[in-house]
Structure formats: structure tokens, C-alpha cells
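Inspection log for the structure reproduced underneath, given as C-alpha cells.
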Amino acid sequence: MTTTRTRKPSLPAATALYDIPGPVARKRHLTYGLASTAVILGLFGWILYLLFDTGQFTEEKWRPFAYAGIQELLLRGLGNTLKAFAYAAVLSLALGAVLAVGRLSVHRPVRWISTVLVEFFRAMPVLVMIFFIFVALKVQALPALVAGLTLYNGSVLAEVFRTGINSVDRGQREAAYALGMRKTQVTTFVLAPQAVRAMLPTIISQLVVALKDTSLGYLITYEEFLHAGKLIASNLDYDLPFIPVVMVISPIYIGMCMLLSWFATWVARRQRRNLKTKAVEVAPAEPGTLLPGGQ
């Protein structure tokens with residue numbers, strides 16, 4: 001007499017983080033998801049009701065954006081924002097690299113000075129540095145804004161660079177030294193290229209912070225994007241279109257930050273496809289193979 005065994009359907013293996021949800025847990029999760037979605041939709045609907053009820057979508061409040069002068073004002077402000085960000089991003093990366101090299105130096109005075117500078121500028125509020133440079137040093141608005149953003153973001157990026165280089169496997173450094181390479185060569189050609197891929201997400205996140213902090217320029221009368229929006233929103237001739245200005249400016253800021261993140265993802269993909277970063281296949285040794293110099 002033969003017996004047939006029914007094969008049970010294979011279930012995915014449980015992990016140490018969580019168990020596989022059963023039927024009751026899946027129903028509970030679905031209920032939570034539907035309830036959360038309903039709450040979010042209700043909140044969104046309530047906000048829309050308030051906007052309509054206060055007349056934020058009337059033609060009078062949105063008419064200014066059809067004027068050529070208003071459009072030129074916004075485009076000029078956007079251009080000034082991008083210009084300040086470009087200067088701050090390049091200078092922050094350069095300052096961060098210099099301070100990171102100083103913190104990794106074997107010379108104790110250089111390492112101490114770099115550490116003091118990094119910790120000081122990281123602890124100082126960006127707005128305080130911008131105001132100090134603008135008011136006390138009597139610098140123009142654009143250089144004051146760029147200098148404040150550079151000092152803060154450069155000190156943060158210095159720690160990112162230092163941590164990224166130290167995260168590379170110690171054997172890479174020792175192998176490079178064994179080949180007779182100097183410390184500068186080891187850092188430039190061995191450690192830094194490997195650390196870039198690990199540091200790239202954090203670098204881009206800090207550059208996004210720098211992009212958003214350019215809006216602090218309106219406090220020192222720098223004619224950037226937010227300053228242009230403030231001029232429009234405070235105009236009594238347009239019935240104070242504050243909410244329409246926010247609804248126009250916010251998506252543009254969000255879009256610029258998303259574009260920067262997309263660029264970082266694109267760079268990371270190109271690095272993964274780069275032949276220089278791929279492992280080289282080595283043919284297995286065959287019996288009887290002699291080493292160089294062997295008999």
C-alpha cells in the first residue's frame with residue numbers, strides 16, 4: 001500500500017527582524033493602511049476646503065503671475081538662488097576636502113587646528129554667520145550668503161570625507177603602503193575613489209541642505225527666489241497673494257532638490273557600470289604553473 005504525501009506550499013523564511021504576518025495580521029495591516037489613507041485624504045480635503053473658503057484660488061490672487069514683470073522677477077530670483085548655490089556648493093566641497101585632509105594629517109598641530117575649525121563652524125548657526133559677515137564685516141549680500149553657507153556646509157562635509165576615507169578597509173591602505181606609495185598617493189588614488197561611492201548619498205543630502213539654506217539670503221536683502229516671492233506676497237495691489245506664492249515657489253524648491261537627488265543616483269549608476277570599478281576576473285592557477293623565477 002503506497003501513501004501519497006501532499007507537499008506543503010513553501011513559505012518565505014522568517015528573519016530575525018520580524019515574523020511573517022499571518023492571515024489575521026495581514027487583515028490588521030490592511031485595516032491600518034486603509035484607515036491611514038482615509039485620514040490623509042480627509043486632511044488633504046480639509047486643507048483644500050480652507051483654501052477655497054478663504055478665497056485663495058480667486059482670479060485676483062493668481063492674476064499677478066500672468067504679468068511679464070512678475071515672471072521676470074521670479075526668474076531673476078531663481079537665477080540668483082542657483083548662482084549662490086553653485087558658488088556655495090563648489091566652495092563647500094573644496095573647504096571640506098581641505099579640512100578633511102587636515103583632520104587626517106599625521107602632524108598634530110595641523111590636526112588640532114582643523115578639528116577646532118570643523119567643530120566651531122559646525123556648532124555655529126548658519127544665520128548668525130551670515131549676519132556677522134554681512135553686518136560686522138560689511139560684505140555684500142551675495143558674498144556674505146556664500147561665505148556663511150560655505151563655512152557651515154564645508155565643515156560638515158569635512159567630517160563626511162574623513163569618515164568615508166576611514167571606512168575603507170584597512171587592508172587597502174596597508175597594501176598600497178606595501179607597494180611603496182606615499183600617503184598622498186594612497187589617499188588620492190586608493191582610498192578616495194573607493195570612499196566616494198559610500199559618501200555620495202550624504203554629500204548630496206548636505207548639498208540639498210545648502211540649496212534650501214540659500215533662502216536665508218532674503219534676510220540680508222539678497223534678491224533670491226524667496227525674496228522675490230516675498231515682494232509679490234506683500235503687494236497690496238494683488239490682495240496679498242501669500243498662499244498662491246507659496247504654492248508656486250514650494251514645488252520649484254522641491255523639484256530642484258529632487259533633481260539634485262536624481263543626479264546623484266545617475267552618478268552612482270555610472271560608477272557601478274564603469275569598467276574601472278568592476279572586479280577583474282583572474283584565471284585559476286593550473287597544475288604545473290611556475291612562479292616567476294621558478295625552475
Kindly indicate whether any position in the range 211-223 is closer than 30 Å to Lys138 by Cβ and in contact with a Cys (Cβ under 9 Å, 6 or more places away or on another chain).
yes
Restricting the first residue to the range 246-264 and requiring it to be within 21 Å of Ala89 (Cα to Cα), which pairs with a second residue that is not β-branched (Val, Ile, Thr) meet a Cβ separation below 6 Å and a spacing of at least six or different chains?
Ala264/Leu200
Kindly indicate whether any position in the range 70-81 is open to solvent by less than 80 Å² (accessible area, probe 1.4 Å), over 25 Å from the mean Cα position of the chain (by Cα), closer than 30 Å to Asn235 by Cα and touching a residue at least 60 places away in the same chain (Cβ under 8 Å).
yes
Only unsatisfied item for Met199, checking (1) open to solvent by less than 50 Å² (accessible area, probe 1.4 Å); (2) free of Cβ contacts under 8 Å to residues at least 60 places away in the same chain; (3) more than 19 Å from the chain's Cα centre (by Cα), is (3)
Only one of Thr202, Thr184, Thr188 is under 29 Å from Cys257 (Cβ atoms), among the hydroxyl-bearing types (Ser, Thr, Tyr) and part of a helix (DSSP H, G or I); which?
Thr202
Selection count where residues are touching a helix residue (DSSP H, G or I) at 6+ places or on another chain (Cβ under 7 Å) and open to solvent by 40 Å² or more (accessible area, probe 1.4 Å), scope the range 143-167
4
Within the range 39-69, track down each residue that is open to solvent by less than 100 Å² (accessible area, probe 1.4 Å), hydrophobic (A, V, I, L, M, F, W, C) and under 22 Å from Ile254 (Cβ atoms).
Leu43, Ile47, Leu48, Leu50, Leu51, Phe57, Trp62, Phe65
Within the range 210-231, is even one residue touching a residue at least 40 places away in the same chain (Cβ under 8 Å), of a type in the set (Ser, Thr, Tyr), open to solvent by 40 Å² or more (accessible area, probe 1.4 Å) and assigned to a loop (DSSP other than H, G, I, E, B)?
yes
Could you grab me the full set of residues in the range 144-174 that are part of a helix (DSSP H, G or I) and at pLDDT below 85?
Arg170, Gly171, Gln172, Arg173, Glu174
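Yes/no per residue for (1) surrounded by 14 or more Cβ atoms within 10 Å (Cβ to Cβ); (2) aromatic (Phe, Trp, Tyr); (3) over 17 Å from the mean Cα position of the chain (by Cα):
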residue: Lys83; (1), (2), (3): yes, no, yes
residue: Gly96; (1), (2), (3): yes, no, no
residue: Leu99; (1), (2), (3): yes, no, yes
residue: Pro109; (1), (2), (3): no, no, yes
residue: Met124; (1), (2), (3): yes, no, yes
residue: Val128; (1), (2), (3): no, no, yes
residue: Phe134; (1), (2), (3): yes, yes, yes
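The values are calculated or read from the model by the stated rules, or taken from the named source; none is laboratory data. Bear in mind that the values here come from a model prediction, so they are computed numbers and not experimental data. Here the Cβ is made from the backbone with ideal geometry for all residues, glycine too, and neighbour counts use every protein chain on show. Note: areas computed on protein heavy atoms with side chains; ligands, DNA, RNA excluded. Shrake-Rupley method; radii C 1.70, N 1.55, O 1.52, S 1.80 Å.
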